[in-house]
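Undergrad: Sending over a structure as structure tokens; questions will come in a sec.
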Amino acid sequence: MKEDILHNLTIINNRIKNACEQSGRNTDEVKLLLATKTVSAERIKVALEHGQTLIAENKVQELKEKYDDLKDIPHDNHFIGHLQTNKIKDILRYDVTCVQSLDRLELAEKLHQRLLAENKTMNVLIQVNTSNEESKFGIDPSEAVELTRKVSGFSTLKIKGLMTIGLFSAETEKVRACFKMLKNLQQEIIHEHIPNVEMKELSMGMSGDLETAIEEGATIVRVGTAVFGARIYPDSYYWNECKTNKKA
Ligand SMILES: *Cc1c(COP(=O)(O)O)cnc(C)c1O
């Protein structure tokens, strides 16, 4: 198990390095985030004990279950799933340092209220639905600038950039269009010079499309399967939580 994970990490790091070289970027411009949904704390630990520092969960329940086992190993914990407002207090309790899936004003408001009460701040990325798929969360691209502007008004929320899940397609150019769109939105927002907004991070690219994302400017790639192996649940179980899968 350990050997597999370490071997896969070597492969992924090489893929990142090669993609950076291809596009004339420095390898240190791209961070590897491990998407750890369904992965046991024991397996995550292997990665954290061998140089990895950034992990992320999709569900608060999993964050909670693994917290005690991982808390003594230094690392950063991001949140990349659909966040229900009644789970905000858990996000704070379990030391999440960045919510990458901020996709609506109501969530920003509630998060801000809670952060104010606890005298804390939180890094956030605005999640954009660049693939125009009904099943995916994320703000519509046409509303992304406006949402960013509104969120910037909340003093506890530190906007660091944008996040997207690209289209699932074997046609690289269609996937690339999603990443280009995110990059364009980033540039548009930068040109607006909105106070309290940093737009350095572009979180895009996963196991299957990280090269394309890096070519288009990704600063964070989120990788699960290619490091930890296939998951038993389909991704829709994680992504369609409220939209189409009521029982979750
Ligand atoms: C699961 C997940 C990933 C990683 O997907 P893989 O294809 O397993 O690399 C990236 N981003 C989000 C939001 C995820 O839920």
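Undergrad: Output ³J(HN,Hα) for the stretch 172-180: one whole-Hz value per residue in order, computed from phi by the Karplus curve 6.51 cos²θ - 1.76 cosθ + 1.60 with θ = phi - 60°, and x for Gly and Pro.
TA: 3, 5, 6, 5, 4, 4, 5, 5, 4
Undergrad: I want the antiparallel fraction of DSSP beta bridges within the stretch 56-210, as a percent rounded to 5.
TA: 0
Undergrad: Next question. Over the chain, with a Gaussian network built from C-alpha contacts below 10 Å, which listed residue (Ala117, Ala230, Ala19) shows the highest mean-square fluctuation?
TA: Ala117
Undergrad: On to the next question. Taking θ as phi - 60°, what are the ³J(HN,Hα) couplings along the stretch 30-40 by the Karplus curve (6.51, -1.76, 1.60), each to the nearest whole Hz, with x for Gly and Pro?
TA: 10, 9, 9, 10, 8, 7, 9, 4, 6, 8, 5
Undergrad: If you don't mind, there's one more thing I want to ask. Could you line up Glu215, Glu133, Glu3 from fewest to most neighbouring Cβ atoms inside 10 Å?
TA: Glu3, Glu133, Glu215
Undergrad: Classify the stretch 149-244 as rounded, prolate or oblate from the Cα gyration tensor: take a ≥ b ≥ c as the square roots of its eigenvalues, call it rounded if a/c is under 1.5, otherwise prolate when a/b beats b/c and oblate if not.
TA: Note, shape of the stretch 149-244 comes out prolate.
Undergrad: Which of rounded, prolate, oblate describes the chain, given a ≥ b ≥ c as roots of the alpha-carbon gyration tensor eigenvalues and a/c under 1.5 marking rounded, otherwise prolate only if a/b is larger than b/c?
TA: Taking the square roots of the gyration eigenvalues as a ≥ b ≥ c, the chain is rounded.
Undergrad: Assuming a ≥ b ≥ c are the square roots of the Cα gyration tensor eigenvalues, decide whether the stretch 1-147 counts as rounded (a/c under 1.5), prolate (otherwise, with a/b larger than b/c) or oblate.
TA: Judged from the Cα gyration tensor, the stretch 1-147 comes out oblate (a/c at least 1.5, b/c at or above a/b).
Undergrad: Report relative contact order for the chain in percent, whole number only (criteria: Cα-Cα under 8 Å, sequence separation at least 6).
TA: In percent, rounded to a whole number, it is 20.
Undergrad: Ignoring everything except DSSP H segments at least 4 long, calculate the 222 nm mean residue ellipticity for the chain; use -39,500 (n - 2.57) per segment, divide by total residues, nearest 500.
TA: Calculated at 222 nm, the ellipticity per residue is -12500 deg cm²/dmol.
Undergrad: Identify all aspartates and glutamates with a Cα-Cα distance to Lys160 below 12 Å; exclude those on the same chain that are fewer than 8 residues away in sequence.
TA: Straight-distance partners of Lys160: Glu198, Glu201.
Undergrad: Ok, one more. What pairs in Lys136/Lys174; Lys110/Lys200; Lys87/Lys136; Lys150/Lys174; Lys37/Lys150; Lys17/Lys150 have C-alpha atoms more than 28 Å from each other?
TA: Where the Cα-Cα span goes over 28 Å, the pairs concerned are Lys150/Lys174; Lys37/Lys150; Lys17/Lys150.
Undergrad: Next question. Among Lys87, Lys31, Lys180, which one shows the biggest mean-square fluctuation in a GNM of the chain, springs joining Cα atoms closer than 10 Å?
TA: Of the options given, Lys87 has the highest mean-square fluctuation.
Undergrad: Out of residues 5 or more away from Lys158 or on other chains, whose amide H comes under 5 Å of its own, with H placed 1.01 Å from N in the peptide plane?
TA: Met122, Asn123, Val124
Rule-based calculations on the coordinates, nothing more; no lab input. All of these numbers come straight from a predicted model, not from anything done at the bench. Every residue, glycine among them, receives a Cβ derived from its backbone with ideal geometry; neighbour counts consider all protein chains shown.
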